[in-house]
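What follows is a short report on a single structure.
The values are calculated or read from the model by the stated rules, or taken from the named source; none is laboratory data. All of these numbers come straight from a predicted model, not from anything done at the bench. FYI the Cβ positions are ideal-geometry reconstructions off the backbone, even for glycines, and counts take in every protein chain you see. Ligands, DNA and RNA are stripped out before the accessible areas are found, and what is left, the full protein with its side chains, is counted by its heavy atoms. Shrake-Rupley method; radii C 1.70, N 1.55, O 1.52, S 1.80 Å.
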Amino acid sequence: MARIVVLGAGFAGLWAAIGAARLREAIGDAGRDIEIHLIDRNPYHNIRVRNYEVDLSGVALPLSQLLDPIGVTHGIGEVKAVDPARCEISLVTGGGKETLNYDRLVLALGSEVMRPDIPGLAEHAFDVDTYAAALRLEEHLTSLGRSAPLPGRSTIAVVGAGFTGIEVAAEMPDRLVRVGITGDRRIVLVDPNPAVGATIGDQARPVIETALSSLGIETRLGVRVASVEASGVRLSSGEFIPARTVIWCAGMRASRLAESFPGARDRLGRLLVDPFMRVADLPGIFAAGDVASSVIDGLHPTVMSCQFARPMGRFAGHNVVADLAGRPMLPLRIDWYVTVLDLGDWGALYTEGWNREVRTTGEAAKATKQTINRKRIYPPLSGSKDELFAAAAPTVQAPPPTYGAPRR
C-alpha cells in the first residue's frame, strides 16, 4: 500500500486530500493500493477567513463529515518535523510521540500570525488567527459585556491595519453591541505605516478611510506597540490607550516547519513550488496554500489567501496521485486576481487586478463578500462523494460575482 500524507486541513490541505481521493477513484484499479491520510492539530476544517465575524457558527466543519465519505483517513497530531531523506514525519498525538512514513507528501500547514517579542503581547493580546483564538476573543468580549463598567471596558485596540486588522476593526461596532456594550464605544486601529491598508493600493485606500470614518474608528498611524498590559496598550509615541481588549493582526508568516526544508524560500518563509505544486529539489514532496509560493500567471506569485490556497490544494491533490501512479500532472495557472474587503456595517470593497482597481463598494461589494464567505469557499456539506469530487476537480473557478453598478 502506497501512502500519501497531507499535513494540514486548511483550505489547501482539505482540498488536496479531496482532490487526491478524486483522482484515486478515477484511475480505478491503479488507485486501489493508494492510501490517503490527513493530519491536523484539530478535528475540523476552519473557515479561517470568517474568524473575524460577529457570528462564528458554522466556521468549524468536522473532518469526518468531509473525509469519511471519500475514504480519506485522518488523525489529530502536532507535526514536529519532516525528514525528506527517510520519508518520515515526527508528530505528537494524544498517545505521545509517533513516526509516520509516507511515499508522497503534501505540505499544507498554512501560515500563522507573527508575534514579536513585545512585553505583554503573549499574556494580554488576542487574535483571530485560529478558530480557538477567535472563540477565546468571543468569550472575552462576552465576559466584558457582563461585567461592571471599568476603564477601557468599551475600548478595542486593533494592531495592524492590513486586510485582517481592517476587517476585525470594522466588525467591532456590531460585536460590542452583540455582547451588550453600548454607549460610548471606542475602536482604535494602530499601524506603523503612514496609511491604513499600506499594500492595498491608492484607489482603494480612500474607500477604506471613508468607511472607517463612518464607523467611528480612530487610527494611530506611524507608531508601533511598545508594550501590552491588561489595562491597555502603550505606543512608541508615548501614548497609552486604556483598553481591556487588544487584538493583534500585524502580519503573517508561513508555518515554521517550512524552515526545516532545504531550498529556497521567499520573504514570508514560503517554499517555492513549480506550477505542479512540487517543491524544488525534494522529490515526492508537494506544497500548497500559505506555506507555498507559486508564480501562477508567469509574473505574480500567489498571495496568502483562500483565493489561491483552494486551487493550489486541488491541483496538488490531483498531481500527487498522478505522480505516484505515473499519470500526467496538470499545471496550475490563474489569470485573474480580486480582493474583497469586509467593512462592517458600511459594506465592503471589491477590487480587480493586481493594481487593485475598485470595482464595487458599499452594499454591492458586501453582497459579493457574503457570497464568498458563506457559499463559495465552503465544501459541499451533504456528505455526497459525487458532490465532493465535483468540487475538487483540478480547475480554476471564475471570479466571484459582482452586484449592482460598477464604481466609476
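Quickly run through the range 363-408 and pick out the residues that are open to solvent by 70 Å² or more (accessible area, probe 1.4 Å), in a helix (DSSP H, G or I), farther than 27 Å from residue 346 by Cβ and out of contact with any helix residue (DSSP H, G or I) (no Cβ under 6 Å at 6 or more places or on another chain).
Within the range 363-408, 386, 387, 390 qualify.
Look at residue 161 and say whether it is touching a Leu at 6+ places or on another chain (Cβ under 6 Å), in contact (Cβ under 8 Å) with a residue 40 or more places away in the chain and surrounded by 17 or more Cβ atoms within 10 Å (Cβ to Cβ).
In short, yes.
Counting just the residues of the range 202-225 that are open to solvent by 20 Å² or more (accessible area, probe 1.4 Å) and within 17 Å of residue 358 (Cα to Cα), which one comes out nearest to the chain's Cα centre (by Cα)?
This residue is 205.
All but one of (1) open to solvent by 50 Å² or more (accessible area, probe 1.4 Å); (2) closer than 22 Å to residue 263 by Cβ; (3) among the acidic types (Asp, Glu) hold for residue 335, so report the exception by its number.
Against the list (1) open to solvent by 50 Å² or more (accessible area, probe 1.4 Å); (2) closer than 22 Å to residue 263 by Cβ; (3) among the acidic types (Asp, Glu), residue 335 comes up short only on (2).
Output the residue which, of all residues in the range 339-358 that are buried (at least 19 other Cβ atoms within 10 Å of the Cβ) and charged (D, E, K, R), is farthest from the chain's Cα centre (by Cα).
356
Can you name every residue in the range 11-31 that is under 17 Å from residue 386 (Cα atoms) and either touching a strand residue (DSSP E or B) at 6+ places or on another chain (Cβ under 8 Å) or open to solvent by 10 Å² or more (accessible area, probe 1.4 Å) (or both)?
Residues satisfying the conditions are 14, 16, 17, 20, 21, 22, 23, 24, 25, 26, 27, 28.
Tell me which residues, restricted to the range 235-244, are of a type outside the set (Gly, Ala, Ser) and over 11 Å from residue 159 (Cα atoms).
Matches in the range 235-244: 239, 240, 241, 242, 244.
Let's see how each residue does on (1) farther than 30 Å from residue 170 by Cα; (2) open to solvent by 30 Å² or more (accessible area, probe 1.4 Å); (3) assigned to a strand (DSSP E or B):
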residue	(1), (2), (3)
45	no, no, yes
58	no, yes, no
65	yes, yes, no
89	yes, no, yes
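Give just the number: which of (1) open to solvent by 60 Å² or more (accessible area, probe 1.4 Å); (2) in contact (Cβ under 8 Å) with a residue 12 or more places away in the chain; (3) under 17 Å from residue 54 (Cα atoms) does residue 150 not satisfy?
Just one mismatch for residue 150, condition (3).
For the range 188-201, which positions are open to solvent by 10 Å² or more (accessible area, probe 1.4 Å) and of a type outside the set (A, V, I, L, M, F, W, C)?
191, 192, 193, 194, 199, 201
Read through the list (1) open to solvent by 20 Å² or more (accessible area, probe 1.4 Å); (2) closer than 25 Å to residue 154 by Cα; (3) not in a helix (DSSP H, G or I), then give the number of the only condition that residue 136 fails.
In the conditions (1) open to solvent by 20 Å² or more (accessible area, probe 1.4 Å); (2) closer than 25 Å to residue 154 by Cα; (3) not in a helix (DSSP H, G or I), residue 136 misses (3) alone.
Considering each residue of the range 261-305, count those that are touching a helix residue (DSSP H, G or I) at 6+ places or on another chain (Cβ under 6 Å) and open to solvent by 20 Å² or more (accessible area, probe 1.4 Å), and give that number.
Residues that pass the stated criteria total 2.
If you scan the range 91-107, which residues turn out to be surrounded by 12 or more Cβ atoms within 10 Å (Cβ to Cβ) and closer than 28 Å to residue 25 by Cα?
If the condition is that a residue be surrounded by 12 or more Cβ atoms within 10 Å (Cβ to Cβ) and closer than 28 Å to residue 25 by Cα, then 100, 102, 103, 104, 105, 106, 107 are the ones that fit.
Go through the range 85-111 and give me each residue that's at positive phi and within 24 Å of the chain's Cα centre (by Cα).
Passing the criteria: only 110.
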